[in-house]
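Before any comments, here is the structure.
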Amino acid sequence: MHVLEFKIRGKPWQCQAIDEAIRTTQFVRNKCLRYWMDNKGVNKYKLNKHCRVFAQEYPFAQKLNSQDRQSAAERAWAAIARFSENCKKGIPGKKFCIDIEVKLNSQRTGKAIGLDRTLKELYTDSNGHSKPNARFCREREQRLNLNQRRVSREQKGCSNRNKAINCLGRTHFKISSQRQEHAKRLARCVIQSNDLVAYENLKVKSLVRNYCLAKSINDAPWDRSRKGLEYFGQKLGKVTIAVDPALTSQQCSSCATKVQKPLSTRTHVCSCGCEMDRGWNAAINILKEP
């Protein structure tokens, strides 16, 4: 199978309309998966017919063309059929299992959660669970350096230099797409699992001025994660609150005592006997702020 990627230049409202359509299509697909999981005996025909119910329940889904909604349902059924075939062969479908994991977390509703973000983990929640940062730029750093050297070797204006620049741009585009999709998937999972989400209001533009940590900060999708939380919170009617991160990692979540510690110290230890991960302690304080 050949996959072709193109860059288009459109007006802001056109790009926004395309993004809305893509997100709504993914939402309908995941809702179809949940409907199939919760109801026995659902076949392809019933799944397509149920798309009309989604349009009635969610106003933003009604804006999507009915044929596009049915197309999303058909892709969901294709994933279900592929998953069933792989299970018979003893090979569970990876992509389908990811969707199942995301949707199963949506059962834990009626909760409030606080999120602390670090360079090591994309976030650590107030329950002590954490998700590591997928360092896509670090993984492809060797390929980026090779493409950059190819651009530097060629003379300006020659066709080989233009090809090298195009190759470098495609690599950066792939890294950006992977980073954005990873942050969006986790943000959707968090929003679906909780009714209130409190997170750090980090000023990334100020943080990247630290030249020692600039590359690691840019490789951590903090901005994309925040935008994903705000977007899915608005779509699904959940509350998202940005909290000032000042002193959240220094204050003890148990007795509110200020415990000074450098950034290299990753364990919070207080005289009251509280000992836990630094990110976990900060996430509990972030949840208490609202």
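The magnitude of the dipole of the chain, with charges of +1 and -1 set on the Cβ of Lys/Arg and Asp/Glu and taken from the Cα centre, is near 1220 debye. On the basis of the beta-carbon distance and an R0 of 51 Å, Cys272 and Arg161 show a calculated FRET efficiency of 0.20. The relative contact order of the chain comes to 17 percent, based on Cα pairs under 8 Å that sit 6 or more residues apart. Here the sum of -39500 (n - 2.57) over DSSP H runs of 4 or more residues, divided by the residues of the chain, equals -18000 deg cm²/dmol at 222 nm, to the nearest 500. Stretching the chain fully between Val53 and Arg153 yields a gain of 30.1 nm (0.36 nm per residue, less the alpha carbon separation).
For the range 23-57 versus the range 137-177, the inter-centroid distance based on Cα atoms is 42 Å. Counting only heavy atoms of the protein chains and using a 1.4 Å probe, Lys120 has close to 150 Å² of accessible surface. Here the simple spin-label model places points 7 Å from the Cα toward Cβ, and for Leu144 and Cys255 these points are separated by 4.5 nm. Projecting the Cα atoms of Asn281, Gln180, Asn160 onto the charge dipole of the chain (Cβ charges, centred on the Cα centre) puts Asn160 farthest toward the positive pole.
Projecting the Cα atoms of Pro245, Ser84, Ile217 onto the charge dipole of the chain, computed from C-beta unit charges around the Cα centre, puts Ser84 farthest toward the positive end.
Among the listed pairs Lys120/Lys258; Lys184/Lys235; Lys120/Lys184; Lys111/Lys238, a Cα-Cα separation exceeding 22 Å is found for Lys120/Lys258.
For the range 165-290, the spread of Cα coordinates along the three principal axes comes to 58, 39, 21 Å, biggest extent given first. Each DSSP beta bridge with both residues in the chain is either parallel or antiparallel, and the antiparallel ones are about 50%.
Taking 17 Å as the straight-line reach from the Cα of Lys44, the aspartates and glutamates in range (excluding those fewer than 8 positions away in the same chain) are Asp68, Glu74, Glu85.
Only one item in (i) 127, 35, 31; (ii) 63, 60, 44; (iii) 69, 49, 37 matches Cα extents along the principal axes in Å derived from the coordinates shown, and that item is (ii).
The values are calculated or read from the model by the stated rules, or taken from the named source; none is laboratory data. Note that the structure is a prediction, hence the values are computed from the model and not measured. Methodologically, a virtual Cβ is constructed for each residue, glycine included, from the backbone with ideal geometry; neighbour enumeration extends over all protein chains shown. Quick note on the areas: whole protein, heavy atoms, side chains included, nothing else; ligands and nucleic acids left out. Shrake-Rupley method; radii C 1.70, N 1.55, O 1.52, S 1.80 Å.
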